[in-house]
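Asker: One structure coming up, written as structure tokens, with questions to follow.
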Amino acid sequence: MGFEKFGEISYTAETKVADFVKHLEEGEIAATKCKACGKLYFPPRADCIDCLTDDMEWIPLSGRGKLITYTTAYFAPAGFEAPYTLALAELEEGVRVFTRMSKDAKQDEIEIGMKVKLVPVRLADERITFELKNT
Amino acid sequence: MYQKETTVEKVMDSKVVASPLKVFDCCANADGASCIILANEDLAKKISDTPVWITGLGLASAPLSLTSRKTVSSLSCAVEAGKQAYKMAGLKANDVDVAEVHDCFTIAEIMAYEDLGFCKRGEGGRLVDNKETYIGGKIPVNVDGGLLSKGHPIGATGGSQIRTIVLQLRGEAGKTQVGNAETGLVHNIGGIGLYGAVMTFGR
């Protein structure tokens, strides 16, 4: 349990990486790291795809990164309000994140290559998610 | 769906769906059906005077998550499927006379040119500018209008692409006939580039 609080709509309560939400609530973006080979996973995975083991530890990320690409969508599925911007960024630890860009980011300010920061965001009803802000 | 001739202005003035793609950059959902008759060599020769042969097959998958992909300007499943099909058929990209590629969006067609080796990386757009993908060009692509023109009935699209290539290799494509096409290629993508299938055909 725990993961039911994640995002606008969560389709699952059970996941082996539910602690991710606990870290978000503590203001932290966390990745999992394989204790054997050191590979970092974000979004966090419970198992290492190289070592085929589940001996992982939680590692806080700086959240700092660079925007690789983005799109602003003018049609929205459930839980999204159009228009919204989706972004792909590379964090300085080397992992990538695909998520929403903060609504505070103005369209003419968003630029490929710009510095971004991944931060936890509290939603209504004690729900929580994360998004990218331009810094 | 969009079979009437249009202008660049009209396309650029259409509503944005997901920037920078606009309505006319996106293929329309459609209903449709397609059918392919497959037979072994003996039977094919018996039931048809003009059988078209599958010379190469390639199928590959890729990570679902965009964060697990090395690039967003290429579909690795298409590159791998293309390599497999070319190898099986003993062909190179420049041996292909006519091709059908999965242009679910305008940019997807340009990525397909590059993934299949019709041009170098980053030069896909120029291939269109120079009319090399037109009938009479170096590598005519989607001469039937592609998904953008026909619409995209998901399950039927691949079969429809094969139909186009079969007609081309038989010389039965009428107004859209590409000279004396001997080698054809079909490129089809599933999901958000999760799986790619490439087939080559000969006569």
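Asker: Mind telling me which of the residues B:101, B:52, B:79 ends up being under 28 Å from residue A:90 (Cα atoms) and either away from chain A (no Cβ under 14 Å) or of a type in the set (D, E, K, R) (or both)?
Answerer: Values: B:101 fails: under 28 Å from residue A:90 (Cα atoms); B:52 fails: under 28 Å from residue A:90 (Cα atoms).
Just one listed residue meets the conditions, B:79.
Asker: Checking the conditions here, which among A:19, A:54, A:104 is in contact with an Asp or Glu (Cβ under 6 Å, 6 or more places away or on another chain) and away from every other protein chain (no Cβ under 14 Å)?
Answerer: Numbers: A:19 fails: in contact with an Asp or Glu (Cβ under 6 Å, 6 or more places away or on another chain); A:104 fails: in contact with an Asp or Glu (Cβ under 6 Å, 6 or more places away or on another chain).
Only one candidate qualifies: A:54.
Asker: Considering only residues that are in contact with a strand residue (DSSP E or B) (Cβ under 9 Å, 6 or more places away or on another chain), within 15 Å of residue A:131 (Cα to Cα) and more than 9 Å from every other protein chain (Cβ to nearest Cβ), which ones fall in segment A:57-89?
Answerer: Result: A:61, A:62, A:63, A:64, A:65, A:66, A:67, A:80, A:84, A:87, A:89.
Asker: Also, I was wondering about something else. Name the single residue, out of those in segment A:23-41 being over 13 Å from the mean Cα position of the chain (by Cα) and closer than 12 Å to residue A:60 by Cα, that is surrounded by the fewest Cβ atoms within 10 Å (Cβ to Cβ).
Answerer: A:26
Asker: For segment B:2-27: of the residues being surrounded by 14 or more Cβ atoms within 10 Å (Cβ to Cβ) and away from chain A (no Cβ under 14 Å), which is modelled with the lowest pLDDT?
Answerer: B:2
Asker: Among B:133, B:157, B:164, which is in contact with a Pro (Cβ under 7 Å, 6 or more places away or on another chain) and among the polar types (S, T, N, Q)? Break it down stepwise before answering.
Answerer: Details: B:157 fails: in contact with a Pro (Cβ under 7 Å, 6 or more places away or on another chain); B:164 fails: in contact with a Pro (Cβ under 7 Å, 6 or more places away or on another chain).
Residue meeting the stated conditions: B:133.
Asker: Can you confirm whether residue A:99 is facing chain B (nearest Cβ under 9 Å) and not aliphatic (A, V, I, L, M)? So that I can check it myself, show each step before the final result.
Answerer: Working: facing chain B (nearest Cβ under 9 Å): no; not aliphatic (A, V, I, L, M): yes.
Considered against the rule, which asks whether it is facing chain B (nearest Cβ under 9 Å) and not aliphatic (A, V, I, L, M), residue A:99 comes out as no.
Asker: Then there's this: Kindly list the number of the only condition in (1) over 19 Å from residue A:27 (Cα atoms); (2) surrounded by 12 or more Cβ atoms within 10 Å (Cβ to Cβ) that fails for residue A:116.
Answerer: So residue A:116 meets the others, but not (1).
Asker: Report every pair of residues separated by at least 6 positions or lying on different chains whose Cβ atoms are under 7 Å apart, first residue within segment B:175-203 and closer than 20 Å to residue B:108 by Cβ, second among the small types (Gly, Ala, Ser) and surrounded by fewer than 16 Cβ atoms within 10 Å (Cβ to Cβ).
Answerer: Once the first residue is closer than 20 Å to residue B:108 by Cβ and sits in segment B:175-203, its partners that are among the small types (Gly, Ala, Ser) and surrounded by fewer than 16 Cβ atoms within 10 Å (Cβ to Cβ) give B:194/B:61; B:195/B:61.
Asker: Another question, if that's okay. Counting residues that are in contact with a Gly (Cβ under 8 Å, 6 or more places away or on another chain), which strands (runs of 3 or more DSSP E) fully inside segment A:34-135 reach at least 1?
Answerer: Details: elements: A:56-60, A:64-73, A:84-91, A:96-100, A:115-122, A:128-134.
Output list reads A:64-73, A:84-91, A:96-100, A:115-122, A:128-134.
Asker: Moving to a separate point now. Looking at (1) more than 10 Å from chain B (Cβ to nearest Cβ); (2) surrounded by fewer than 18 Cβ atoms within 10 Å (Cβ to Cβ), which is the one condition that is false for residue A:49?
Answerer: (1)
Asker: If you take the residues of segment B:137-149 that are touching an Asp or Glu at 6+ places or on another chain (Cβ under 7 Å) and in a helix (DSSP H, G or I), which of them is surrounded by the most Cβ atoms within 10 Å (Cβ to Cβ)?
Answerer: B:147
The values are calculated or read from the model by the stated rules, or taken from the named source; none is laboratory data. Here the structure is a predicted model, which is why all the values come from computation and not from measurement. All Cβ positions, glycine included, derive from the backbone under ideal geometry; neighbour counts span all protein chains shown.
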